[in-house]
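What follows is calculated from the coordinates using simple rules that are stated; it is not laboratory data. The structure presented is a predicted model; accordingly, all values stated were derived computationally and were not measured. For neighbour counting, all protein chains shown are included, and Cβ atoms are generated from backbone atoms with ideal geometry for every residue, glycine included.
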Number of protein chains: 4
Amino acid sequence: MTRAKQVPKRRLRLGIVGGGRPGSIGPTHRRAALMDGHWDVVAGAFSRNPEVGRATGRDWLMDEDRIYTDYQSMAESEARRPDRIDAVTICTYNTTHYEIAAAFLDRGFHVICDKPLTTTAENAADLAQRARKANVIFALTHAFSACPMVRQAREMIAAGELGKIRSVATEFVSEYQADAPSSGDWQNNPELCGPLGAVANCGTHVFHLLEYVTGLKVNELSADLASLVPGHRLDDHATLHLRFDNGARGFLWNTTIAPGNENGLSIRVFGSKGGLEWWQEHPNHMRYTPINGTTQILTRGGPKASPAAQAVTRVPSGHPEGYLEAFANLYTEVAAAIIAREHGPTSTAKPPFPTVDDGVRGVAFMLATLQSSRDSSRFVALEDFIL
Amino acid sequence: MTRAKQVPKRRLRLGIVGGGRPGSIGPTHRRAALMDGHWDVVAGAFSRNPEVGRATGRDWLMDEDRIYTDYQSMAESEARRPDRIDAVTICTYNTTHYEIAAAFLDRGFHVICDKPLTTTAENAADLAQRARKANVIFALTHAFSACPMVRQAREMIAAGELGKIRSVATEFVSEYQADAPSSGDWQNNPELCGPLGAVANCGTHVFHLLEYVTGLKVNELSADLASLVPGHRLDDHATLHLRFDNGARGFLWNTTIAPGNENGLSIRVFGSKGGLEWWQEHPNHMRYTPINGTTQILTRGGPKASPAAQAVTRVPSGHPEGYLEAFANLYTEVAAAIIAREHGPTSTAKPPFPTVDDGVRGVAFMLATLQSSRDSSRFVALEDFIL
Amino acid sequence: MTRAKQVPKRRLRLGIVGGGRPGSIGPTHRRAALMDGHWDVVAGAFSRNPEVGRATGRDWLMDEDRIYTDYQSMAESEARRPDRIDAVTICTYNTTHYEIAAAFLDRGFHVICDKPLTTTAENAADLAQRARKANVIFALTHAFSACPMVRQAREMIAAGELGKIRSVATEFVSEYQADAPSSGDWQNNPELCGPLGAVANCGTHVFHLLEYVTGLKVNELSADLASLVPGHRLDDHATLHLRFDNGARGFLWNTTIAPGNENGLSIRVFGSKGGLEWWQEHPNHMRYTPINGTTQILTRGGPKASPAAQAVTRVPSGHPEGYLEAFANLYTEVAAAIIAREHGPTSTAKPPFPTVDDGVRGVAFMLATLQSSRDSSRFVALEDFIL
Amino acid sequence: MTRAKQVPKRRLRLGIVGGGRPGSIGPTHRRAALMDGHWDVVAGAFSRNPEVGRATGRDWLMDEDRIYTDYQSMAESEARRPDRIDAVTICTYNTTHYEIAAAFLDRGFHVICDKPLTTTAENAADLAQRARKANVIFALTHAFSACPMVRQAREMIAAGELGKIRSVATEFVSEYQADAPSSGDWQNNPELCGPLGAVANCGTHVFHLLEYVTGLKVNELSADLASLVPGHRLDDHATLHLRFDNGARGFLWNTTIAPGNENGLSIRVFGSKGGLEWWQEHPNHMRYTPINGTTQILTRGGPKASPAAQAVTRVPSGHPEGYLEAFANLYTEVAAAIIAREHGPTSTAKPPFPTVDDGVRGVAFMLATLQSSRDSSRFVALEDFIL
């Protein structure tokens, strides 16, 4: 292991908005924060339902006075405490991210927010501005992008090992909405989810991944959105043609109604010197093929593991790391960034984790998709949706 | 084995136009014809180069007087012989299919033709008309569609096991044009290849496969074509949005410049009751997932092998069959169809193998793709390219 | 998620002996303890090298007075503290487990010990006796056995879903000793490792796994041990015939010199009603085949996830869990067992995690293997090595 | 394609003993002989049941006077014909191979015989002697050894690419006897099958494969045989420790009662410079790992395809070849050997296909396995069973 030293000098304090039981997203954030020993989880407003919120906080052995019933009182109370939280995690419905993030940003808390950042371009731009004004860390939890092999792919491409990138194929294929919709499915409720469904909840992940890995920007896209399961009020199927700033082409396929696919996020990148393929459900491996050569199976911790991959690797090769470890990478990197900001001049370098600016692009991606699909799939420029 | 009886009462005589060494397509046709013992290969015009043609014929132990130097003399000579060939195989450059097929059709020979049928809609329609007039068998060698698991997929879908089909994802991803083009690459030469490159040579395969398997028709498509490798005069990358006659959606990704992909043809079909996935490079297996159920690995010859799959299965499960066996299935089915036509009334049922009518649709697919791509990827109706 | 409630009412305090940097085993134990929020890591004697020990403790933000330079002073000091550790983790060289465990057991601490328990049958029996006398929890960290799909396999077999077990095939294949040995490889040093090499360090894992999963006991075994890499002083290759108490047969293959295998632990179990196959490097999946049926891919969190698997599942299907999560399952289960012992009568039920009694069998397995191999591979009874 | 020229100058004539319908072994031999165009199948005694034999011959469009009712009359009649068969294929029950082969050898026919060669060491030695006396080709149909990637593995090992071979892991795992035995299962009938069951019918394949690929000889073995399914009269499960002439170790696991395994033949070879792994059910791929390097996926026809692999490759990479193509490789190589013997001095080089001498070793393997298992799995020398 050559895991880079990213060890804060003190343990940071985290609060969580949303994530009450029985869902899995709250425990996911908590475990990701705890795993490496850089965070204590000390406060939270876990649910709109006070009983659920309280039960969640007690399960987690939290002090009663820091189990809040709503985010506003949490933001206000924490702002007054000497041992106030360092950062807040926001894992609520899409349409609520904006107001919650704004409330904490304006009180100077660092923010860790689930995707999509917001559901309108205006709100996205506004959060970006507030974050800059507050001079805090704003991380967006595209956790898949923190997998070691993703970091390695990015590093290899940046180093030119694939040559000029020519094409990119991406998918996010799952089955969780294949059956008839239940009334409680918030992802089928525009009031909670916003104007896009699968594309907001899954598509933005793969959009971030493809720009993150390739270092390219999507200039324009052509989209065909559909709601194929009766009762679905939002998109459950999308196909996109992509055109990149360097002339590369690609596609993105996103669906939540494909029986036999649990969480099928993947990326395949092809350039003038070789190709790479990575599948999220098998995150410890990556296929790499130099042009005219044999395919190699690169492994996390294996003989060709790159520095960027090693920096986020915990256990030896052959001992699988997974989703929680990727998520924990974000928390560790955010902790390091917070400590660095406390102890030194503000760095202007782009951090390794996604930020509010990635969130702005993700919202633009969503809205461009919607626009193209409504206009017979003609190509639409992403730039038009970044205010 | 419950392989259906498809045994002709006599061995048929085959001639081949094209396929001279050193390429692999001629030997592929010959082996596919020989494998099941229903055909003798007795005549051929294997090459425009007389020496290559003669050497090929001698390798194959053929009589000297049936090794022809051009297709015209072959068609004329064979037409006069009492032991004339029953059928001709055409495995030449795309732009020559039309004239060769017409020459043999007009003399009453059955025809087995490589895809694409032609490179213009007019020629395609004309061949279909000539084939009907000659009352002969006209088979198009979409051999992948003859794999046992493809037959099973088709049968399961027709029986409603997947419910209403909602979405179809198809790929044909290869690497054979990833390196800088050589001057001898006929697939980069519009005079030999026609107006489309990868889409003509690979895309038409996957287009046939998706209609064959699902039983649906593509109504309209949106395409983005590109030539991404410097020096390529024809498309080497294409992405398509597909809309089907029953409301289903889908995509088709076709490229020949993806290092690490040898011959990556695949199809994934999802319906209201379940999903299926099949990958040509692993043709003996298919993934099947009933909705809310576990994924099952269906195998050729295995416990859930369907009658249509068993009918084209030669060896027990676990003993891999491959590309040549799929190709041989076409030859055996064509032999059976020829014998049936000799011995009974003309059947009006659609045969299990692709015909000239599938070729007409394949050409329409090519031309619609070209049209959409030239018009900012707007949707184009396939019907407009079927004369 | 239906993760069973196993939440302690207080956070427990853990100390660690061994595991100083730069190795990965110390951080692995720490992360496994922290992940679910049931433990604080508060004390340790991390290394025989005081500087390494101190640096490790500081990295982990520990109080200076609880960073010890040796296990004896740690055991004594902690025993006197009012906030003494609840349990100690022992992750040192094989030959030191006995003395360290004895020191903590005799002071009433719960113990979490790496495998193998000891390197002699006498020491193993003695520790088992001390643990019973101290009435504490003694857990052995066969972490692979805590993977959700392993739990499911065990539950399915116990429920009779595979019928009578007939055969068991197990492997632990890795490459970490394939190159010429380095002088610092403690696994090649009998003084640190004991009389067995690969079999002690890897073989005992798979031996535990096979008895754990099948519920059977190995009655006798025939072994062929070898040291195939020049310079190896201990076994690097072993093959075993296994005979089980119910008449089943099996084999175990264990090697550390197989290039291309990172951590290839697997188990395949076959009975009169079906078969199961699980591979540690792909821990979220398991193959299950009912007799005369199709193979099914069971997944962690998927439609057929069993209660025992769900109880140790954190995130939804398709979001991979891995080695650290399996390890963390042990820590969470041990925490629950400690709290239960504090708050109620001593349970006599076998806990879900491996205990000192499993350690005794593991040592017997090692010694029987050595004996059989020295005697021309004749069968040897395991019972003869349990004192 | 650089397929080596192995083209006979005339088409050879083949007769077949055994293989009548409905089994698949007769059609397999016929297709393998026909596929490359070097053989006509002109005579046969397909079944002890005259009606079955006749129906089979008619299906195959054979002349009535060459459809025989027994092998003796076939051998005698064919010996008198001017257009007599060149070679006979023997695909009958194990215990009948000896007498049939002797009858044809003594009349000067070349012989292609299924494995195992015989069921006693005496008969094996006698056939080897008769074959030498008759100066004919005697091929044994270990078809798996003729897969292109097996040829490549052998060539790479012979060239030293794996260094000194240290260990070999082999399996042949299937499920065809997992259910209760039927009365008609000839593999459960010692009169038809001989004294060994699974080991005779599958184990001999993998034994040949491991010596063929590694170029090593098994010196001694320790075996544990079992009949685990009630009603089985012969072995259905075997595990073996293997010791090679160069000091390498290995194991062989052979069973026919493992649900979920169709035809799981595999070989893994590890040496001082690297490792190789090949699985028969995915015959177009092989894993190769140089020591301390990344695993590479070698493919049939791919960039690192070796000359020996190319020589038995028909279609481009990515177009799967399978079991019939491997079988056909044997027929093509035997045809070339027959023609070479007709046209030149007798070569003393070992041919690429298995011969009667390999059959002698296979029988010794069977008998040594039986002997070791009866003697508490003590090691037994193979040499003791070669007369």
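Check B:I90: other-chain or 5+ apart residues with amide H under 5 Å from its amide H, H built from backbone geometry?
B:V17, B:I112, B:C113, B:D114
Just how large is the dipole of chain A about the Cα centre, in debye to the nearest 20, putting +1 at every Lys and Arg Cβ and -1 at every Asp and Glu Cβ? Walk me through the numbers on the way to the answer.
On the way: 40 positive and 42 negative charges, 274 e Å.
The dipole magnitude comes to about 1320 debye.
Using Cα positions and a limit of under 18 Å, work out the aspartates and glutamates in reach of B:K133, with same-chain residues fewer than 8 apart set aside.
Cross-link targets: B:D86, B:E99, B:D106, B:E122, B:E342, B:D357, B:D358.
What does the structure give for C:24-35 when I average, per residue, the other chain Cβ atoms found within 10 Å of the residue Cβ?
Mean partner shielding for this stretch: 4.
Could you tell me the relative contact order of segment A:255-387? Use alpha-carbon pairs under 8 Å, at least six residues apart, and round to a whole percent. Before the final figure, lay out each step's value.
On the way: 118 pairs, mean separation 13.9, N = 133.
After rounding, I find 10 percent.
Positive end of the charge dipole of chain C (Lys, Arg +1 and Asp, Glu -1 on Cβ, about the Cα centre): tell me which of C:P195, C:L240, C:S145 has its Cα farthest that way.
C:S145
Under the Karplus relation 6.51 cos²θ - 1.76 cosθ + 1.60, θ = phi - 60°, what is the ordered set of whole-Hz ³J(HN,Hα) values for segment C:349-357, x standing for Gly and Pro?
5, 5, x, x, 9, x, 10, 4, 5
At a Förster radius of 30 Å, what calculated FRET efficiency corresponds to the Cβ-Cβ distance of C:K217 and C:N292, to the nearest 0.05?
0.50
Which entries of A:K304/A:K350; C:K164/C:K304; B:K9/B:K217; B:K9/D:K350; B:K9/B:K350 have Cα-Cα distances beyond 32 Å here?
B:K9/B:K217; B:K9/D:K350
Determine the relative contact order of chain A: mean sequence separation of Cα pairs under 8 Å and six or more apart, normalised by residue count, in whole percent.
21 percent
What residue of chain B has the nearest C-beta to the axis that moves B onto C, and what is that distance in Å, given as a whole number?
Axis relating chain B to chain C; nearest Cβ residue and distance: B:Q296, 3.
Note down the relative contact order for segment C:1-141 as a percent, whole number, built from C-alpha pairs under 8 angstrom at least six residues apart.
20 percent
For A:K164, go 7 angstrom from Cα along the Cα-to-Cβ vector, then report the distances to that same point in the other copies in nm, smallest first.
Distances between equivalent label points, in nm: 4.7, 5.1, 7.0.
With springs only between Cα atoms under 10 Å apart, run a GNM on chain D and tell me which of D:Y68, D:Y212, D:Y176 wobbles the most.
Between D:Y68, D:Y212, D:Y176, it is D:Y176 that shows the largest mean-square fluctuation.
Using amide H atoms built in the peptide plane, which far-off residues or other-chain residues are under 5 Å from D:D40 H to H?
Sorted by chain and number, the residues that satisfy this are D:L12, D:R13, D:L14.
What average count of beta carbons from other chains do you get within 10 Å of the Cβ of residues in D:262-274?
Details: counts 11, 7, 2, 2, 0, 0, 7, 1, 11, 5, 8, 2, 4.
Per-residue shielding by partner chains comes out at 5.
How high is the FRET efficiency from A:D245 to B:E76, r the C-beta distance, R0 60 Å, rounded to 0.05?
Between A:D245 and B:E76 the formula returns 0.55.
Which is farthest toward the positive dipole end of chain D among D:L367, D:F172, D:G108, measuring Cα position about the Cα centre, with Cβ charges +1 (Lys, Arg) and -1 (Asp, Glu)?
Checking the options against the dipole of chain D, the answer is D:G108.
Taking θ = phi - 60°, what integer Hz values does the Karplus form 6.51 cos²θ - 1.76 cosθ + 1.60 yield along segment D:45-51, in sequence order, with x for Gly and Pro?
10, 7, 7, 5, 8, x, 5
Connecting C-alpha atoms closer than 10 Å in a GNM of chain C, tell me which of C:P345, C:P354, C:P320 has the biggest fluctuation.
C:P345
With the dipole of segment D:219-314 worked out from charges on the C-beta (+1 for Lys and Arg, -1 for Asp and Glu) around the Cα centre, which of D:T295, D:G264, D:L228 lies farthest toward the positive end?
My answer, from the dipole projection, is D:T295.
In nm, what does the list of distances from D:R132 to its counterparts in the other copies look like, shortest first, when each label sits 7 Å along Cα to Cβ?
Computed spacing set for this position: 6.7, 7.2, 9.1 nm.
Determine ³J(HN,Hα), in whole Hz, for all residues of segment C:277-284 in sequence, where each value follows from phi through the Karplus function 6.51 cos²θ - 1.76 cosθ + 1.60 and θ = phi - 60°; x replaces Gly and Pro.
9, 9, 10, 4, 6, 10, x, 7
For A:278-287, what's the mean count of beta carbons from other chains sitting within 10 Å of each residue's beta carbon?
Mean inter-chain Cβ contacts per residue within 10 Å come to 3.
How would B:V356, C:V360 line up from fewest to most surrounding beta-carbon atoms within 10 angstrom?
Lowest to highest Cβ neighbour count: C:V360, B:V356.
Any idea how far apart A:E342 and B:Q371 come out in nm if each label point goes 7 Å out from Cα toward Cβ?
6.6 nm
By count of other Cβ within 10 Å, fewest leading, how are D:I386, D:I137 ordered?
Lowest count first: D:I386, D:I137.
How far is B:D63 from the same spot in each other copy, in nm, shortest first, if each label point sits 7 Å from Cα toward Cβ?
Those label-point separations list as 1.9, 10.2, 10.3 nm.
Give me the distance between the Cα centres of segment A:287-356 and segment C:315-372, rounded to whole Å.
31 Å
In debye, nearest 20: dipole of the protein assembly as shown around its Cα centre with unit charges on the Cβ of K, R (+) and D, E (-)? Intermediate results must be reported in sequence, preceding the final value.
Working: 160 positive and 168 negative charges, 1 e Å.
Dipole magnitude for the protein assembly as shown comes out near 0 debye.
Distance between the C-alpha centers of segment D:133-178 and segment C:157-186? Whole Å please.
Centre-to-centre distance over Cα atoms comes out at 25 Å.
Would you grab the residues whose amide H sits under 5 Å from the one on C:R166? Only those 5+ places off in sequence or on another chain, please, with H modelled 1.01 Å from N.
Distant-sequence amide H within range of C:R166: C:F270, C:G271, C:S272.
Dipole of segment D:324-387, Cα-centred, from +1 at each Lys and Arg C-beta and -1 at each Asp and Glu C-beta, to the nearest 20 debye? Don't skip to the end; give the middle numbers.
On the way: 5 positive and 8 negative charges, 26 e Å.
In debye, rounded to 20, segment D:324-387 gives about 120.
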